[in-house]
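This report refers to the structure that appears directly beneath it.
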Amino acid sequence: MSQTRHIKVLIIGSGPAGYTAGVYAARAMLNPVLVQGIEPGGQLTTTTEVENWPGDTEVQGPDLMVRMEAHAKAMGCEIVGDIITSLDLSKRPFVAKGDSGNTYITEAVILATGARAKWLGLPSEEKFKGFGVSACATCDGFFYRGQEIVVIGGGNTAVEEALFLTNFASKVTLVHRRDELRAEKILIDRLMKNPKIEPLWDHELVEVTGTDTPLGVEGIKVKHVKTGAITEIPAKGVFVAIGHAPANELVKDVLELHNGGYVTVKPGTSETSVPGVFAAGDLTDHKYRQAVTSAGMGCMAALDAERFLAEHPATVEAEAEASAPAAE
């Protein structure tokens, strides 16, 4: 049965930003409700070794997110397995509707929806998605034991994917449209020393080739960006690793955005262009995009929400309702 919830703070998203916001909002006695979204735990659930989380020399991404979820729960944050499909920010209280049929009426919103993998937009890429084309090495690398595969990209994501895939593949070709990588130096050093990885400079993917029955990848066609020459490379798997785009679908037509879709916040705060709505993590951060900075912004968002609610009393509509779930 669908429910209508009347709450003080709704946190949308469950990565480091969302869970940290849950910890701080719960400690502030705001009784927050966190809706996990389509990918509980966020991007770290598709990452293996995390070496830059303070206090852990090395930790598995999924394990870290399980710990963060447990921490938020222990503090008193209610965590809901739902997906917010619409969000009305036109007036307080704000109204969010979930895929479950539940409605969340809230005095403040913390957006922590993160980012999702970008795609090249090629018809052949779309055709073979899930059948040899992937954007997640940790999800699908296991299927390519002893096979030759390719990774498309030149930043941290691409290098990390290529290094991880050497655990399974016999050969990894890294295709990059420039003549040098944009990744961190320590990652580039590891890649260049790995005998299983062969960089292919100044090339871009133009087509994924394969079979129709059964549907499966057999190779790729790449074009030299300077000469236009086409080269065919055999491969059983193609991993597209060209970065991420902010998951702004709920607010792209409502909140002020910057740098191609990231939610704008006032300098030094998590405040968006709508009072009472706060943003944290990869949804707003186009520069750092680290787990630790996302967690820090989640803390800021909860503290900003606490201050906002102290200065802006609850609306009449919310005050008239009990905080407990009510059946419609």
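For K91, are the conditions met, namely being charged (D, E, K, R) and in a strand (DSSP E or B)?
no
Kindly indicate whether S14 is of a type in the set (S, T, Y), closer than 23 Å to A241 by Cα and outside any helix (DSSP H, G or I).
Spelling it out, S14 is indeed of a type in the set (S, T, Y), closer than 23 Å to A241 by Cα and outside any helix (DSSP H, G or I).
Please verify whether region 208-216 includes one or more residues that are assigned to a strand (DSSP E or B), more than 28 Å from Q290 (Cα to Cα) and of a type in the set (G, A, S).
Within region 208-216, one or more residues are assigned to a strand (DSSP E or B), more than 28 Å from Q290 (Cα to Cα) and of a type in the set (G, A, S).
Can you name the residue in region 132-144 that is in a loop (DSSP other than H, G, I, E, B) and under 19 Å from the mean Cα position of the chain (by Cα) and, of all such residues, is surrounded by the fewest Cβ atoms within 10 Å (Cβ to Cβ)?
Ranking the candidates gives C136 first.
If you scan region 168-183, which residues turn out to be surrounded by 14 or more Cβ atoms within 10 Å (Cβ to Cβ) and farther than 22 Å from G219 by Cβ?
Those that are surrounded by 14 or more Cβ atoms within 10 Å (Cβ to Cβ) and farther than 22 Å from G219 by Cβ: L181, R182, A183.
Can you name the condition, by its number, that P62 falls short on among (1) in contact (Cβ under 8 Å) with a residue 12 or more places away in the chain; (2) over 21 Å from L163 (Cβ atoms); (3) not hydrophobic (A, V, I, L, M, F, W, C)?
(2)
Exactly one of these conditions fails for T227: (1) loosely packed, with under 15 Cβ neighbours inside 10 Å; (2) part of a loop (DSSP other than H, G, I, E, B); (3) among the β-branched types (V, I, T); (4) under 23 Å from the mean Cα position of the chain (by Cα). Give me its number.
So the condition that T227 fails would be (4).
Mind checking which residues of region 30-54 are outside any helix (DSSP H, G or I) and closer than 21 Å to E160 by Cβ?
If the condition is that a residue be outside any helix (DSSP H, G or I) and closer than 21 Å to E160 by Cβ, then E39, G41, T47, T48, E49, V50, E51, N52, W53, P54 are the ones that fit.
Only one of (1) under 23 Å from the mean Cα position of the chain (by Cα); (2) acidic (D, E); (3) more than 26 Å from N156 (Cβ to Cβ) is not met by E232, so which one is it?
All conditions are met except number (1).
Please enumerate the residues belonging to region 175-205 that are under 26 Å from the mean Cα position of the chain (by Cα) and under 12 Å from I152 (Cα atoms).
Once the filter is applied, which keeps residues that are under 26 Å from the mean Cα position of the chain (by Cα) and under 12 Å from I152 (Cα atoms), region 175-205 yields V175, H176, R177, R178, L181, E204, L205.
For the list (1) more than 20 Å from E306 (Cβ to Cβ); (2) out of contact with any Ser or Thr (no Cβ under 8 Å at 6 or more places or on another chain); (3) touching a residue at least 40 places away in the same chain (Cβ under 8 Å); (4) not acidic (D, E), I need the number of the one condition that T4 fails.
T4 satisfies all of (1) more than 20 Å from E306 (Cβ to Cβ); (2) out of contact with any Ser or Thr (no Cβ under 8 Å at 6 or more places or on another chain); (3) touching a residue at least 40 places away in the same chain (Cβ under 8 Å); (4) not acidic (D, E) except (2).
Starting from residues that are surrounded by 24 or more Cβ atoms within 10 Å (Cβ to Cβ) and among the β-branched types (V, I, T), keep the ones in region 1-22 and report whichever is nearest to the chain's Cα centre (by Cα).
If we take residues in region 1-22 being surrounded by 24 or more Cβ atoms within 10 Å (Cβ to Cβ) and among the β-branched types (V, I, T), then I12 is nearest to the chain's Cα centre (by Cα).
If I filter region 294-311 for residues that are at pLDDT 95 or above and within 27 Å of S134 (Cα to Cα), do I get at least one hit?
yes
Can you find even one residue in region 256-275 that is within 19 Å of G154 (Cβ to Cβ), free of Cβ contacts under 8 Å to residues at least 60 places away in the same chain and outside the structural domain of A112 (by TED's automatic domain parsing)?
Within region 256-275, none of the residues are within 19 Å of G154 (Cβ to Cβ), free of Cβ contacts under 8 Å to residues at least 60 places away in the same chain and outside the structural domain of A112 (by TED's automatic domain parsing).
Give region 295-317 a look and list any residue that's in contact with a Gly (Cβ under 7 Å, 6 or more places away or on another chain) and within 16 Å of I12 (Cα to Cα), or say none.
Within region 295-317, M297, G298 meet the criteria.
Let's see how each residue does on (1) among the acidic types (D, E); (2) more than 24 Å from T4 (Cα to Cα); (3) in the same structural domain as E311 (by TED's automatic domain parsing):
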| residue | (1), (2), (3) |
| --- | --- |
| P62 | no, yes, yes |
| M68 | no, yes, yes |
| C77 | no, no, yes |
| R92 | no, no, yes |
| K127 | no, yes, no |
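The rows are residues; the columns are (1) surrounded by 15 or more Cβ atoms within 10 Å (Cβ to Cβ); (2) modelled with pLDDT under 95; (3) in the same structural domain as E306 (by TED's automatic domain parsing).
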position	(1), (2), (3)
E58	no, yes, yes
D82	yes, no, yes
G98	yes, no, yes
S124	yes, no, no
G130	no, yes, no
G146	no, no, no
L163	yes, no, no
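The values are calculated or read from the model by the stated rules, or taken from the named source; none is laboratory data. This structure is a prediction, so every number in the text was calculated from the model and none was measured. Reconstructed Cβ throughout: ideal geometry from the backbone, glycine too, with neighbour counts over all protein chains shown.
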